[in-house]
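Everything below concerns the one structure shown next.
The values are calculated or read from the model by the stated rules, or taken from the named source; none is laboratory data. What you see is a predicted model, and the numbers here were worked out from it, not measured in a lab. A quick note on method: Cβ atoms are made from the backbone with ideal geometry, for glycine too, and the neighbour counts reach across all protein chains shown. Areas reflect the complete protein model, heavy atoms only, side chains present, ligands, DNA and RNA absent. Shrake-Rupley method; radii C 1.70, N 1.55, O 1.52, S 1.80 Å.
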Amino acid sequence: MNTPIYDFVQNYINSDAARFHMPGHKGRAFLGCEERDITEIGGADVLYAPDGIIAESENNATSLFGSAHTFYSAEGSSLAIRAMLALAKSTSDKAQPLILAARNAHKAFIYTCALLDLRVEWLCPETPNHVCGCDIPPHALQKRLSEMAEKPDAVFITSPDYLGDLADIGGLADVCNKHGIPLLVDNAHGAYLRFLPGSLHPMDLGATACCDSAHKTLPVLTGGAYLHVAKKAPREYTENARKYLSLFASTSPSYLILQSLDLCNAYLDKHYRARLVACIHKAQSARAHAEKIGFSTLDTEPLKIVFNAKKSGYHGDELADLLKSHGIECEMSDPDYLVLMVTPETRDSDFDRLAQALEAIGTRAPIESHALSVIPPNAILTPRQAILAPSETVPRCEAVGRICAAPTVACPPAVPIVMSGERITHAHTELMAYYGHSSIEVIK
Ligand SMILES: Cc1ncc(COP(=O)(O)O)c(C=O)c1O
């Protein structure tokens, strides 16, 4: 598979042209990567109206992912989520379309609802295990849709979630199909799922569109992401996706990121599948070793190793600090869990280091954990009304009874405890205390 963007930039560097164009670094100094950092000069194509090297590279990605079209984002899944929801809005005849969303949505979702004036109804899990988790089986979606007085304009599911849980996207897509509703998937953590021996990627399981943060699980620079539109999606999705990406995006996309996405195509095409299988075996061995010496891990998607820290005698954050003291930096920790992410680029020596660190740290008597309570959504205002209203920050203990303005989140995982527009209850503030949030933005 060719790499037209990377090759163009390499030829440009070799030509030693005098750079009388942006960026101001002129290809020199400080970081070392500046010579590769160009802008939309002649021949470099235009991300939001491509007919040259970017179009060619996106076509490569499209064939790798088996979509109707795969669009590049140089601004993460956050941009792709905004475009995906704008597409849902553009195919609705309502002024304020309704989205039925799993409750563990990333804050990019709720901000987009504010920007586009979307109303939200939430799908909540029967037994919540974590703010990041939201297990919605297909029969629960079917029940909910058949009970709703107003048909939603899209269903929005986050899978995989931060703790590595995968939703039954195939089953959920069947339900959505039956009701004639698009299924949009936040697959930020799952670009690699397409390359498993049996694909688990939303494009293969029946989603209408999805976003992938290429940078989270593939060897792509931070910010590199895809918006995939499925072959079965309404025609307008493919036709208008670029327009909606450009509505929210910078007019100066990073060519470092575009080159990275471009080079990644060749890697995915050639070596990746075998390396992914090898990596999954190593992750399985790492989990098995951790279990053998007494640590408790969750059954997750293959590229995450998630510790149920309390079962091993630690709070997640405490275990993260201990690992740090052994030179190991984790992806996320909280009072209950610790999340490690691996990819084929994880070195064997790093797997060894993890095993040695866990042996040195050892386990302790389990810490009892209490179950999270279900907090029913109680929206008073729409996300737009709440996020754009005058607001103030108040201490957690003074927030009960007030209406949440901007969502309070720790990033990662950036999943809000109370959503914008909802009335804050004592249960919310207890959960905020549990996750260490001392204040919250509320409407004045
Ligand atoms: C589930 C989920 N969705 C969306 C995003 C946003 O992705 P990006 O950082 O690529 O914009 C994140 C980022 O952590 C995420 O975890």
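What the table shows:
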{"item": "Whole-percent carbon and sulfur share, accessible surface of the chain, 1.4 Å", "result": "52 percent"}
{"item": "At R0 = 30 Å, FRET efficiency that the Cβ-Cβ distance of H426 and L388 yields, to 0.05", "result": "0.65"}
{"item": "Rounded if a/c under 1.5, otherwise prolate or oblate - region 125-188, Cα gyration tensor axes", "result": "prolate"}
{"item": "Cα convex hull volume per residue for the chain (Å³)", "result": "159 Å³"}
{"item": "Segment E121-E368, length gained on full extension (0.36 nm per residue, minus Cα span)", "result": "85.6 nm"}
{"item": "Extension gain, A18 back to T39 (0.36 nm per residue minus Cα-Cα distance, nm)", "result": "6.2 nm"}
{"item": "Pairwise FRET efficiency - S63 versus K178, Cβ, R0 = 25 Å, nearest 0.05", "result": "0.25"}
{"item": "The chain: most fluctuating residue of G224, G401, G171 per GNM, C-alpha cutoff 10 Å", "result": "G401"}
{"item": "Cα centroid separation - region 1-17 against region 37-90, whole Å", "result": "19 Å"}
{"item": "Pairs from K232/K282; K151/K231; K216/K243 whose Cα-Cα separation, in the structure shown, is over 28 Å", "result": "K232/K282"}
{"item": "Inter-part distance where region 369-404 and region 210-237 are each reduced to a Cα centre, Å", "result": "31 Å"}
{"item": "Extended-chain gain in nm, criterion 0.36 nm per residue less alpha-carbon gap, Y48 and F30", "result": "3.6 nm"}
{"item": "Helix-only mean residue ellipticity at 222 nm for the chain, each DSSP H run of n ≥ 4 adding -39500 (n - 2.57), per residue, nearest 500", "result": "-11500 deg cm²/dmol"}
{"item": "Solvent exposure of the chain as accessible area per residue, Å², 1.4 Å probe", "result": "42 Å²"}
{"item": "Efficiency of FRET between A433 and E291 - r from beta-carbon atoms, R0 45 angstrom, step 0.05", "result": "0.90"}
